[in-house]
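Visitor: Once you've had a glance at the structure underneath, I'll fire off some questions.
The values are calculated or read from the model by the stated rules, or taken from the named source; none is laboratory data. Values in this document were obtained by computation on a predicted structure and should not be read as measured data. In this analysis, Cβ positions are derived from the backbone assuming ideal geometry, glycine residues included, and neighbour counts consider all displayed protein chains. Protein only, heavy atoms only, side chains kept; ligands, DNA and RNA dropped before computing areas. Shrake-Rupley method; radii C 1.70, N 1.55, O 1.52, S 1.80 Å.
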Amino acid sequence: MKHLSLTVEGMSCEACSKRIEKVLSKDPKIHNVYVNSLQGYANFDLEDDADPLDAVKKIQNVGFNVPIREIKLDIDGMSCQACVRRIEKVLEKLPIESVNVQLLQNQAFIKTYAGVVTKEEVIQAIEGIGFKAKESIEENNKEGNHSLEQMQKLKRDFLISLIFTLPLFSHMFFHMANIPTPLDNGWLQMALASVVQFYIGRRYYIGAYKSLKGGGANMDVLIAMGTSAAYIYSVYHVIQGIPEYYFESSAMIITLILLGKYFEERAKNRTTDAINKLVELQAKKARVKVDGEYIEKPIEEVALNDIVLVRPGEKVPLDGVVLEGHTTVDESMITGESLPREKKQGDFLIGATVNKNGAVEMKVTRIGQDTMLSQIVKLVEDAQGQKAPVQRLADKISGVFVPTVIVIAFITWVITYFVTKEFNTALVNAISVLVIACPCSLGLATPTAIMVGTGRGAEDGILIKSGESLEIANKIDAMILDKTGTLTKGEPELTDILIYQDISEQDALYYGASVESHSEHPLGSAIVKGAKERGIQLKDPENFKAYTGKGVSASIDNKKIFIGNQALMDEMNIDYNEGKNDLFRLQKEGKTPMILAYDGGLKAIISVADPIKEMSQDVVNTLYDMDIDVYMLTGDSKGTAQAIGEKLGIKNIFAEVLPEDKSNKVIELREKGKTVAMVGDGINDAPALAEANIGFAVGTGADIALEASDITIISGDLNAIVSAIRLSHRVMKTIKQNLFWAFFYNIVGIPIAAFGFLNPMIAGAAMAFSSVTVVSNSLRLKRKKY
């Protein structure tokens with residue numbers, strides 16, 4: 001019997017707890033049910049052969065939720081992708097939702113329903129197959145220190161191994177030249193080789209033992225078997241007085257593999273440079289206003305709504321809003337934009353950016369894990385901790401790789417012995433097969449490229465949520481661009497006021513702006529702003545009503561005022577024939593005309609225009625050059641949309657689309673077999689972003705929603721969309737190169753070794769440096785422009 005305590009969300013009263021108790025108690029394998037609606041948990045005992053997930057489903061089926069939580073563990077002892085598969089397999093036997101083990105980061109990410117599986121049970125399962133696990137500590141400097149310690153240990157062991165191996169290696173050449181040396185004595189060679197084999201090489205024996213104990217086989221098994229065969233056979237010859245030894249082979253294999261591991265670890269550390277750089281951006285102290293005086297405090301002691309002074313040349317300590325002062329701020333380290341941004345009262349400041357020339361007083365609005373920098377770091381870490389679909393094949397192969405190689409090595413020994421009748425030749429060929437095979441390069445091919453790629457993107461203000469997002473972005477062949485705020489500046493301006501009856505421009509603006517003063521639409525805001533700039537006093541509207549996608553109405557001075565598009569006028573049976581030619585002309589000019597009507601007739605046409613962003617034209621042209629079909633999505637009339645589309649060279653226009661219908665346009669393209677990207681602001685376009693194969697959120701500062709999209713462009717610069725797609729192309733190209741060389745290396749190397757064309761020492765060196773090659777190839781992403 002197992003006792004469970006599940007967290008349950010959505011209970012509001014005792015009746016809720018009774019419903020859950022009732023449904024759980026019906027299961028004969030569930031006993032002693034007690035549900036507490038006040039504290040939000042369900043306690044019960046479960047028989048050993050029952051599945052806890054069945055209980056979760058029962059709770060969900062009656063309308064409540066058991067939240068999913070993530071367990072993040074640091075794992076010690078993994079040496080190759082075979083280790084990853086073993087851990088994933090043992091954890092998949094537990095009642096969890098998903099598991100993702102990352103060799104590169106030595107971490108496991110487990111998602112499970114709260115209360116179904118404990119952290120201790122997960123750790124116990126991992127340690128049961130020979131690895132060490134502990135809860136991950138979210139401190140990058142500790143991770144850096146651990147990696148540094150690992151590198152120093154590898155370097156130390158390599159140097160010791162080299163000292164004892166070089167005499168053996170050099171003696172091989174003296175022996176070939178028939179030059180006598182003290183190392184002709186087999187016992188002396190054995191003494192030197194034993195230090196390398198059992199002191200330096202003990203890590204491989206320990207790793208192999210743990211692997212086999214856990215029911216699997218990893219790279220350590222291959223190294224231990226290959227070097228032990230050479231060593232034991234040489235010891236046998238020493239005892240028998242046969243002057244033919246392979247001590248230099250066993251020692252040299254271990255030494256070269258250590259050297260390769262050292263270079264691999266050093267290269268792997270460089271893949272995390274981006275996160276480390278982001279973390280280092282955080283300011284350490286802040287000048288907080290206390291009783292009228294500024295006191296310097298550690299950043300951890302700054303609270304929400306604290307008033308902070310930021311002097312010229314200092315870092316903005318945390319996210320906040322300017323209360324007083326005027327300055328320019330360098331945000332390049334967060335957004336990737338090279339030009340400083342002007343900041344004045346009411347503007348949003350991003351923590352870790354640099355104040356350039358003016359002192360400002362700011363109010364802190366985000367602290368700790370809520371700051372933009374912390375969210376960016378978490379997003380990048382999460383992306384680097386997820387697997388891309390392209391890695392699945394490598395994972396499957398890694399699971400059976402080592403047993404397959406052992407079988408091939410045995411077959412090689414048997415066939416070679418029966419063909420040549422030479423035990424020595426058969427043994428050398430089998431050893432070469434064992435030590436040349438490398439599952440590590442397969443395991444590193446994808447995650448190293450994703451880690452470097454997502455890190456490189458973050459440095460340029462491009463936040464990629466996962467490896468899968470990168471893979472999909474590489475396949476985009478259709479892109480929908482939301483017009484307002486994406487292709488245009490999102491800040492419409494009043495342009496024209498056309499009068500049709502006995503009414504002045506001032507009266508037209510008075511009525512139109514007064515009604516629009518209660519509207520949240522940016523077009524209405526432009527009219528209100530234009531009226532205020534002209535000094536017109538507005539009046540609070542009565543009986544305000546919004547007509548989605550059409551316009552608004554309200555009562556002003558006992559007049560029922562309507563302001564909106566033709567659809568609204570048609571719905572209200574208002575005749576606007578007199579202004580049709582003007583409407584058509586304004587739309588052709590790319591403006592958005594709105595009809596002002598009251599007393600049953602047309603009074604004026606007020607038009608606004610949203611200026612096109614300077615870079616929009618170039619971005620559209622570049623997307624077409626990349627063979628991506630571009631679609632513009634807008635709620636504007638067909639005439640206005642067509643005019644803007646012609647200016648930008650966009651051939652495919654979705655006009656007069658209501659907000660709730662945006663996602664339908666995405667579905668429409670997907671049903672045609674397109675891989676669709678949707679570009680919006682990340683907030684208002686959330687349904688369409690979610691429906692697309694991949695969603696790009698473009699925004700700046702406080703208005704950006706990092707969780708709303710697959711790829712987030714912090715700066716709001718459309719050029720970054722092109723950069724993100726090009727980055728995805730480069731990352732996927734690098735992954736394919738890595739996988740090709742990893743497969744090619746093993747497919748070609750193993751047969752060459754089996755046929756006796758490869759000395760075991762060369763085989764060991766090749767194995768060691770195959771992983772280094774893969775990691776180094778991924779690191780090229782840091783240097784090359786995309």
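Visitor: Based on what the data block shows, is GLY512 without any contact (Cβ under 8 Å) to a residue 12 or more places away in the chain and farther than 30 Å from LYS665 by Cβ?
Guide: It is false that GLY512 is without any contact (Cβ under 8 Å) to a residue 12 or more places away in the chain and farther than 30 Å from LYS665 by Cβ.
Visitor: Could you tell me how many of the residues in the range 407-462 are within 40 Å of the chain's Cα centre (by Cα), surrounded by fewer than 20 Cβ atoms within 10 Å (Cβ to Cβ) and β-branched (Val, Ile, Thr)?
Guide: The qualifying residues number 2.
Visitor: Being under 44 Å from the mean Cα position of the chain (by Cα) and either surrounded by fewer than 13 Cβ atoms within 10 Å (Cβ to Cβ) or acidic (Asp, Glu) (or both) is the filter here, so list the residues in the range 546-572 that pass it.
Guide: THR548
Visitor: I need the full set of residues from the range 113-124 which are within 15 Å of GLU135 (Cα to Cα) and surrounded by 19 or more Cβ atoms within 10 Å (Cβ to Cβ), in order please.
Guide: Within the range 113-124, VAL117, VAL122, ILE123 qualify.
Visitor: Also, I was wondering about something else. Any residue in the range 465-478 that is in contact with a Phe, Trp or Tyr (Cβ under 7 Å, 6 or more places away or on another chain) and more than 14 Å from VAL377 (Cα to Cα)?
Guide: yes
Visitor: I'm checking my understanding of the structure. Among residues of the range 293-336 that are in contact (Cβ under 8 Å) with a residue 24 or more places away in the chain and of a type in the set (S, T, N, Q), which one is farthest from ASN355 (Cα to Cα)?
Guide: So, considering only residues that are in contact (Cβ under 8 Å) with a residue 24 or more places away in the chain and of a type in the set (S, T, N, Q), the one farthest from ASN355 (Cα to Cα) is ASN305.
Visitor: To continue, here is another question. For the range 76-84, check the following and say yes or no: at least one residue is farther than 29 Å from ILE200 by Cα and either crowded, with 19+ Cβ neighbours inside 10 Å or not aromatic (Phe, Trp, Tyr) (or both).
Guide: Looking through the range 76-84, none of the residues is farther than 29 Å from ILE200 by Cα and either crowded, with 19+ Cβ neighbours inside 10 Å or not aromatic (Phe, Trp, Tyr) (or both).
Visitor: Do we find a residue being modelled with pLDDT under 80, farther than 28 Å from ILE436 by Cβ and either open to solvent by less than 50 Å² (accessible area, probe 1.4 Å) or charged (D, E, K, R) (or both) anywhere in the range 719-738?
Guide: no
Visitor: Now for a different question. Restricting to the range 548-575, count the residues that are under 18 Å from THR592 (Cβ atoms), among the hydrophobic types (A, V, I, L, M, F, W, C) and out of contact with any Ser or Thr (no Cβ under 9 Å at 6 or more places or on another chain).
Guide: 1
Visitor: May I pose another question? Does at least one position in the range 566-573 carry a residue that is touching a Phe, Trp or Tyr at 6+ places or on another chain (Cβ under 7 Å) and among the small types (Gly, Ala, Ser)?
Guide: no
Visitor: While we're on this one: Which of the residues that make up the range 51-85 are without any contact (Cβ under 8 Å) to a residue 24 or more places away in the chain and under 14 Å from PRO95 (Cβ atoms)?
Guide: Within the range 51-85, just LYS57 meets the criteria.
Visitor: Now a separate question. Taking MET11 and the conditions (1) at pLDDT 85 or above; (2) out of contact with any strand residue (DSSP E or B) (no Cβ under 6 Å at 6 or more places or on another chain); (3) within 13 Å of GLN60 (Cα to Cα), which numbered condition does it fall short on, given that it satisfies the others?
Guide: (1)
Visitor: Which residue is farthest from TYR598 (Cα to Cα), if the candidates are limited to the range 475-492 and must be among the hydroxyl-bearing types (Ser, Thr, Tyr) and open to solvent by less than 10 Å² (accessible area, probe 1.4 Å)?
Guide: THR486
So that you can scan it fast, the table gives a plain yes or no per residue for (1) at positive phi; (2) open to solvent by less than 60 Å² (accessible area, probe 1.4 Å); (3) of a type in the set (S, T, N, Q); (4) at pLDDT 85 or above:
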position: LYS134; (1), (2), (3), (4): no, no, no, yes
position: GLU139; (1), (2), (3), (4): no, no, no, no
position: SER147; (1), (2), (3), (4): no, yes, yes, no
position: MET151; (1), (2), (3), (4): no, yes, no, no
position: ILE160; (1), (2), (3), (4): no, yes, no, yes
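Visitor: What is the one condition in (1) over 34 Å from the mean Cα position of the chain (by Cα); (2) closer than 18 Å to GLY128 by Cα that ALA191 does not satisfy?
Guide: Only one criterion in (1) over 34 Å from the mean Cα position of the chain (by Cα); (2) closer than 18 Å to GLY128 by Cα is unmet by ALA191, namely (2).
Visitor: Considering the range 493-512 alone, what residues qualify as being open to solvent by 40 Å² or more (accessible area, probe 1.4 Å), among the acidic types (Asp, Glu) and not in a helix (DSSP H, G or I)?
Guide: Matches in the range 493-512: GLU493, ASP502.
Visitor: With the requirement that a residue be open to solvent by 60 Å² or more (accessible area, probe 1.4 Å) and either outside any loop (DSSP other than H, G, I, E, B) or under 14 Å from ILE110 (Cα atoms) (or both), what does the range 40-57 give you?
Guide: Within the range 40-57, ASP54, LYS57 meet the criteria.
Visitor: Determine if the range 39-56 includes at least one residue that is hydroxyl-bearing (Ser, Thr, Tyr) and in contact with a Ser or Thr (Cβ under 8 Å, 6 or more places away or on another chain).
Guide: The answer is yes, given that some residue of the range 39-56 is hydroxyl-bearing (Ser, Thr, Tyr) and in contact with a Ser or Thr (Cβ under 8 Å, 6 or more places away or on another chain).
Visitor: Could you tell me whether any residue of the range 16-32 is open to solvent by less than 10 Å² (accessible area, probe 1.4 Å), in a strand (DSSP E or B) and small (Gly, Ala, Ser)?
Guide: No.
Visitor: A further question follows. Among the residues of the range 261-306, what is the count of those that are exposed (fewer than 15 other Cβ atoms within 10 Å of the Cβ), modelled with pLDDT of 80 or more and part of a helix (DSSP H, G or I)?
Guide: Qualifying residue count, the range 261-306: 2.
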